[in-house]
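Take a look at the structure set out below.
A short reminder: the numbers here are calculations on the coordinates, not readings from a lab. Please read these numbers as outputs of a predicted model, since none were measured by experiment. Positions of Cβ are generated from backbone atoms using ideal geometry, with glycine treated the same way; all protein chains shown enter the neighbour counts.
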Amino acid sequence: MRSLQIVELVNDQRSVTVEELATAFNVSVETIRRDLKKLDKSGSLKKVHGGAVSVEQIDEGRSFLARSKDYLKEKESLVSRAVNYIEEGMIIGLDASSSSWCLARQIPNISCTIVTNSLQNVVALEGKNNVHVICTGGSYSEKYSSFYGPLSINTLSNMSMDICFISCVGFDYEFGVWDSNEYNYQIKQSLIDISDKVILIADKSKYKKRSLLKICENEAVDIIISDI
């Protein structure tokens, strides 16, 4: 009975945290985690870090083409600061954000390795013959011009990086870093998990915004580069 009610609640709200479910059903967090694991296995919902999302959820993310035109001058200014953290010999992770695309265009032609799930980043790095580029592969999203899914996640899980650069839909110094869809959010979490240093690039339009899925708490980010 509780399992059915959990699914109904998740479908109604689209995303729910473990703590919210534990409070709603007056059970322990551990009990809810076990429930979510079973429901995820049955395909009734999708278990994510810290909670669950509906399998009926809408992909709220905007396409790469649309995002690449937003606040372009501001993003280029921010990534000019981000470049200063890149050193020769580094292994660097880039997500599929438009900010990472701007960074890929500004990265100097030095000896380093770039790992990314973004086709646009790969194209931006063409001609930089000292930069070794690794693309994660996986299922391809034309909307996001990037690769995602289990193959991408598995590729990243077997790697270790010196630094990664990510962006987001929204961030807040109290409520953490947020994204709008599973395609991008899972890759960002994987990059965070395998990187020694995590840098968030986020222009002021993203400040104090939240979205469908929490990428991480603020403590997971080492440096925030913003113009707020």
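Determine if the range 107-117 includes at least one residue that is of a type outside the set (S, T, N, Q) and closer than 19 Å to LEU213 by Cα. Walk me through how you get there before you give the answer.
From the range 107-117, those of a type outside the set (S, T, N, Q) are 107-108, 110, 112, 114-115; that's our starting set.
Now restrict to residues that are closer than 19 Å to LEU213 by Cα: none.
No.
Tell me which strands (runs of 3 or more DSSP E) are completely within the range 127-228 and hold 2 or more residues being closer than 23 Å to PRO108 by Cβ and out of contact with any helix residue (DSSP H, G or I) (no Cβ under 8 Å at 6 or more places or on another chain), or say none if there are none.
On the way: elements: 131-135, 139-141, 146-148, 161-166, 170-172, 176-179, 195-201, 213-216, 223-225.
Answer list for the range 127-228: 131-135, 195-201.
Which ones in the range 20-31 are without any contact (Cβ under 8 Å) to a residue 24 or more places away in the chain and either part of a strand (DSSP E or B) or touching a helix residue (DSSP H, G or I) at 6+ places or on another chain (Cβ under 8 Å) (or both)? If you could, list the steps in order and put the result at the bottom.
So the first thing to find is which residues in the range 20-31 are without any contact (Cβ under 8 Å) to a residue 24 or more places away in the chain, and the list is 22-26, 28-31.
Those that are without any contact (Cβ under 8 Å) to a residue 24 or more places away in the chain and either part of a strand (DSSP E or B) or touching a helix residue (DSSP H, G or I) at 6+ places or on another chain (Cβ under 8 Å) (or both): ALA22, ALA24, PHE25, SER28, VAL29, THR31.
Suppose we filter the range 24-33 for residues that are exposed (fewer than 14 other Cβ atoms within 10 Å of the Cβ) and closer than 22 Å to CYS216 by Cα; how many remain?
Count: 2.
Being surrounded by fewer than 19 Cβ atoms within 10 Å (Cβ to Cβ) and among the polar types (S, T, N, Q) is true for just one of ASN121, ASN130. Which residue is that? Working first, answer last.
Working: ASN121 fails: surrounded by fewer than 19 Cβ atoms within 10 Å (Cβ to Cβ).
Of ASN121, ASN130, the one residue that is surrounded by fewer than 19 Cβ atoms within 10 Å (Cβ to Cβ) and among the polar types (S, T, N, Q) is ASN130.
Could you identify the single residue in SER139, SER152, SER111 that is under 17 Å from the mean Cα position of the chain (by Cα), hydroxyl-bearing (Ser, Thr, Tyr) and surrounded by fewer than 18 Cβ atoms within 10 Å (Cβ to Cβ)?
Values: SER152 fails: surrounded by fewer than 18 Cβ atoms within 10 Å (Cβ to Cβ); SER111 fails: under 17 Å from the mean Cα position of the chain (by Cα).
Going through SER139, SER152, SER111 in turn, just one is under 17 Å from the mean Cα position of the chain (by Cα), hydroxyl-bearing (Ser, Thr, Tyr) and surrounded by fewer than 18 Cβ atoms within 10 Å (Cβ to Cβ): SER139.
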